[in-house]
1. For region 26-107, what ratio Rg/Rh do Cα atoms give with a Kirkwood hydrodynamic radius?
2. If you stretched the chain out fully between residue 52 and residue 67, how much longer would it get, using 0.36 nm times the residue separation minus the C-alpha to C-alpha distance?
3. Please compute the contact order of region 26-107 in relative form: average sequence separation of alpha-carbon pairs under 8 Å and at least six residues apart, divided by the residue count, as a percent.
4. Beta carbons within 10 angstrom, averaged per residue: use that to sort the peptides 70-79, 27-36, highest first.
5. Give the peptides 83-89, 95-101 in descending order of average Cβ contacts within 10 Å, highest first.
6. With a point put 7 Å past each Cα toward its Cβ, work out how far residue 74 is from residue 38 in nm, to one decimal.
């Protein structure tokens, strides 16, 4: 019985570890744009524009991280305008119907809300 229990725990641990390793792609700006394409039914042209927005946002975020290394409070203050700008740029690419759904995602009123307002957060909890 102990061996069966040990095997179950080992299997569960490996499953969790494998699933956790498959998440990093969600922080890639292009992959993130493709996920948003599925959520909002974006055209390929919209997806390409949003991928560029996410890429730019991620690059700016990296600079903020370097500038405020170790000080999360200052970093959080510095990224607020970046998030606002990113959201504004994305909304400019979307149709009216897509904007409505996107706003729900960004505001957290949708179950897949985390990270859609930027190019660096994962859609899972980061």
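What follows is calculated from the coordinates using simple rules that are stated; it is not laboratory data. Since the structure is predicted, the reported quantities are computational estimates derived from the model, not experimental observations. Using ideal geometry, Cβ is built from the backbone for each residue, glycine included, and neighbour counts are taken over all protein chains shown.
1. Details: Rg = 13.5 Å, Rh = 13.3 Å.
Expressed as Rg/Rh, it is 1.01.
2. On the way: separation 15, 0.36 × 15 = 5.40 nm, distance 2.28 nm.
Taking residue 52 through residue 67 to full extension adds about 3.1 nm, to one decimal.
3. Values: 51 pairs, mean separation 24.0, N = 82.
Dividing the mean separation by the residue count of region 26-107 yields 29 percent.
4. Working: 70-79: 12.4, 27-36: 19.5.
Ranking, from highest mean packing down: 27-36, 70-79.
5. On the way: 83-89: 16.0, 95-101: 12.9.
Descending packing order for the listed peptides: 83-89, 95-101.
6. If labels sit at residue 74 and residue 38, their model points lie 3.9 nm apart.
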